[in-house]
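Below you'll find the structure, written out as structure tokens, and then a few comments.
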Amino acid sequence: MAASSLAIPQGRSAAVGLPLQSRKRFPALPCNLVVRSAAGEGSPSVEPDLSVRVNGLEMPNPFVIGSGPPGTNYTVMKRAFDEGWGAVIAKTVSLDSSKVVNVTPRYAKLRAGSNGSAKGQIIGWENIELISDRPLETMLNEFKQLKKEYPDRILIGSIMEEYNKDAWHELIERVEESGVDALEINFSCPHGMPERKMGAAVGQDCALLEEVCGWINERATIPVWAKMTPNITDIAQPARVALRSGCEGVAAINTIMSVMGIDLDTLRPEPCVEGYSTPGGYSSKAVHPIALAKVMQIAQMMKAEYNVKDFSLSGIGGVETGHDAAEFILLGADTVQVCTGVMMHGYGLVKKLCDELKEFMRKHNFSTIEEFRGASLQYFTTHTELVRRQQEAIRQRKAVRKGLQSDKDWTGDGFVKETESMVSN
């Protein structure tokens, strides 16, 4: 299938001309929405409101359990809701779990300083774990139970399937029937699944991605997020294709393809399984700057080509503090996902994240997430423009140091200071 043009008419919503969108159902707007105004000078400070509304879904805060081990079964997802996470994305499921066989060990850590030291801070985490190895029906029953017990909380199903339209349609129908609120499509797992034309094999091929997104949105009736792979030259390209093909949101990034290291005693790679290994997905603190850059690229594309109010962006990568989350939101993210951070610090991490994000908001007098979402995006430009701006700033500083530039600039009130400004030291 030949790749089609990615151009979108200027000023036109990407959703125009996509009848498949009409199948989607979204929660109705609540009748008790309150519009908050920023507190004026001298007014009592307003407690920051962390609640967000994304694709019609109401969340108490923007912190979402990312798809992976923290969402692998009923027990852990229930724990996430009880601890206060804004939403939970379950571990990725497919129709036939019998094809999913994991190995142990499947994780490896990178520590600051000398790697291998048990004392160094963990800054990198590699996994060679696959999607859920539990029967689909088991997972679906647990989704139903969770929605029965937590009807007002947001549960998102993560799905992946082989290159087969009928299989995608069957998977979507069965997962939707379980009562989940939205779907996240795993177009980005970098290991194991691409061998079966799944995961990153789709996310790295825009023509294939467009076709599969079309299949998905023909059948889906709830919001769909496309999870993007960072293992690509320009992440804005597949994000554009996903949105144009009917997806309501984009999530980025999934893990980065990596080799964690080599044991210099045994000469074997890590993680080592019977003396061998395979490249895996890299996450944790070390990927945060890369994730910020990828999210910035997607956000710039969405701002330029789409009505961003109609679409959503979920930031992922190395989030362990509320300040990490604030950076994603400042670049335009509506929500922030955490997976490895939960594996390292536990489900109670969400309380720390909320407290630190509120602390940031108080510092800048922000009362809602929307007040600062995307605020830093405007400060990114090209290197050529940076050079021009700096040259102009230098010119202005030189002009100030030289004092008045023309006789017409003299004033009566500031005459003495204006004279002193032109005296050589």
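The values are calculated or read from the model by the stated rules, or taken from the named source; none is laboratory data. All figures in this text were calculated on a predicted structure; none of them were measured in a lab. Here the Cβ positions follow ideal geometry from the backbone for every residue, glycine too, while neighbour counts run over all protein chains shown. SASA here: full protein model, heavy atoms, side chains in, ligands and nucleic acids out. Shrake-Rupley method; radii C 1.70, N 1.55, O 1.52, S 1.80 Å.
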Open item on the list: For the condition in contact (Cβ under 8 Å) with a residue 12 or more places away in the chain, open to solvent by less than 50 Å² (accessible area, probe 1.4 Å), in contact with a Leu (Cβ under 9 Å, 6 or more places away or on another chain) and within 23 Å of ASP205 (Cβ to Cβ), what is the one hit in ALA251, ALA286, ALA236?
Closed with: ALA251
TODO: May I ask you to verify whether LEU33 is farther than 27 Å from CYS206 by Cβ, at pLDDT below 95 and surrounded by fewer than 16 Cβ atoms within 10 Å (Cβ to Cβ)?
DONE: yes
Task: Options VAL295, VAL336: the member that is touching a strand residue (DSSP E or B) at 6+ places or on another chain (Cβ under 8 Å), closer than 14 Å to GLY86 by Cβ and either outside any helix (DSSP H, G or I) or hydrophobic (A, V, I, L, M, F, W, C) (or both) - done: VAL336
Task: Filter result for the condition that a residue is out of contact with any helix residue (DSSP H, G or I) (no Cβ under 7 Å at 6 or more places or on another chain), at pLDDT 95 or above and surrounded by 15 or more Cβ atoms within 10 Å (Cβ to Cβ), over GLY71, GLY86 - done: GLY86
- [ ] Kindly indicate whether LEU331 is free of Cβ contacts under 8 Å to residues at least 60 places away in the same chain and of a type in the set (A, V, I, L, M).
- [x] yes
TODO: Pick out, from segment 157-266, the strands (runs of 3 or more DSSP E) lying fully within it that include 3 or more residues that are closer than 25 Å to THR278 by Cβ, at pLDDT 95 or above and of a type outside the set (D, E, K, R).
DONE: 256-258
TODO: Search segment 366-384 for residues that are assigned to a helix (DSSP H, G or I) and pair each with any residue that is at pLDDT below 95 and not hydroxyl-bearing (Ser, Thr, Tyr) when their beta-carbon atoms are under 9 Å apart and the residues are at least 6 apart or on different chains.
DONE: GLU371/ARG36; GLU371/ALA38
Open item on the list: Given the condition open to solvent by less than 10 Å² (accessible area, probe 1.4 Å) and within 27 Å of THR278 (Cα to Cα), answer yes or no: does some residue in segment 145-156 qualify?
Closed with: no
Open item on the list: Here is a check on your reading of the model: is SER117 in a loop (DSSP other than H, G, I, E, B), of a type in the set (S, T, N, Q), modelled with pLDDT of 95 or more and farther than 16 Å from GLY280 by Cα?
Closed with: no
